[in-house]
Amino acid sequence: MKTTLLLLTLLFSVSSFAQTQSGVYAQPVLGKGKPQRPLQLSLDIYPFLFLSNGGGGTASVEFGHWQIGGVGFSVVPPDYITKTFFRNVDNVTVVRNNAVEVFANYYFRPDRKGVYAGFLGGPEWFIMEDKLTRQREMIRKTYVVPRLGIRVFPFHKCFYADASFGWSLNLSGTQTRTLGQSAYNASGGGFIYFLQIGARLNLVKPKF
């Protein structure tokens, strides 16, 4: 939670600084009077995944107040992810976490900046290893994550940073599994946060 609050505070600060430098002290949360952006394509990455022997990001289309797209990533999960998604894993290692998911975000502003509410979800694959016997298995779990976030464009109208947080809900059960000489089980869900950096491009010419 502290990490997420720090990320959100940083994004708000950068956004406020950029707006001040451009002669705009503050913009309303709902973006009253702001023109609606045209159909756009957005591409971004999760930078912290690349620090965990992995990588991933999203691709999406934007229209009206909506952003809809897909997510893909592969990572060696850090300890907090293991502890969030699993229980009784003292003798079990999560070797790798892969996912292919979909997401949808609704922005309060018509220019699709600032605060949004949304969800993401889909299947994730975990390669599990028993520390005692080195025996491995792959399991699949399905999750949905309601979330809140904020997207800012601090340096250029095309480039953005996006921070969000939500609660991951396990839709595929928490049954105990036996692997080698160890037993473990998936958790029912937990708090999770995201940080993305990316860019968006117009797919049609703006009318303004």
May I ask you to list the residues in region 72-112 that are among the aliphatic types (A, V, I, L, M) and in contact with a Ser or Thr (Cβ under 7 Å, 6 or more places away or on another chain)? Val75, Val76, Val89, Val92, Val94
For region 76-117, what are the residues that are closer than 30 Å to Phe153 by Cβ, open to solvent by 20 Å² or more (accessible area, probe 1.4 Å) and in a strand (DSSP E or B)? Val100, Val102, Tyr106, Val115, Ala117
Working only within region 148-185, note down all residues that are under 24 Å from the mean Cα position of the chain (by Cα), of a type in the set (D, E, K, R) and open to solvent by 90 Å² or more (accessible area, probe 1.4 Å). Lys157
For region 54-69, name all the residues that are open to solvent by 20 Å² or more (accessible area, probe 1.4 Å) and in contact with an Asp or Glu (Cβ under 7 Å, 6 or more places away or on another chain). none
Report, by residue number, each residue of region 191-200 that is surrounded by fewer than 17 Cβ atoms within 10 Å (Cβ to Cβ) and in contact with a helix residue (DSSP H, G or I) (Cβ under 9 Å, 6 or more places away or on another chain). Phe191, Ile197
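Being surrounded by fewer than 19 Cβ atoms within 10 Å (Cβ to Cβ) and touching a Ser or Thr at 6+ places or on another chain (Cβ under 8 Å) is the filter here; which residues of region 118-128 pass it?
Gly122, Pro123
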Please count how many residues of region 130-141 are under 16 Å from Asn91 (Cβ atoms) and open to solvent by 20 Å² or more (accessible area, probe 1.4 Å). 7
Please tell me if Leu51 is open to solvent by 20 Å² or more (accessible area, probe 1.4 Å) and under 18 Å from Ser164 (Cα atoms). no
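The values are calculated or read from the model by the stated rules, or taken from the named source; none is laboratory data. No experiment lies behind these values; they were computed from the predicted model shown. In this analysis, Cβ positions are derived from the backbone assuming ideal geometry, glycine residues included, and neighbour counts consider all displayed protein chains. Protein only, heavy atoms only, side chains kept; ligands, DNA and RNA dropped before computing areas. Shrake-Rupley method; radii C 1.70, N 1.55, O 1.52, S 1.80 Å.
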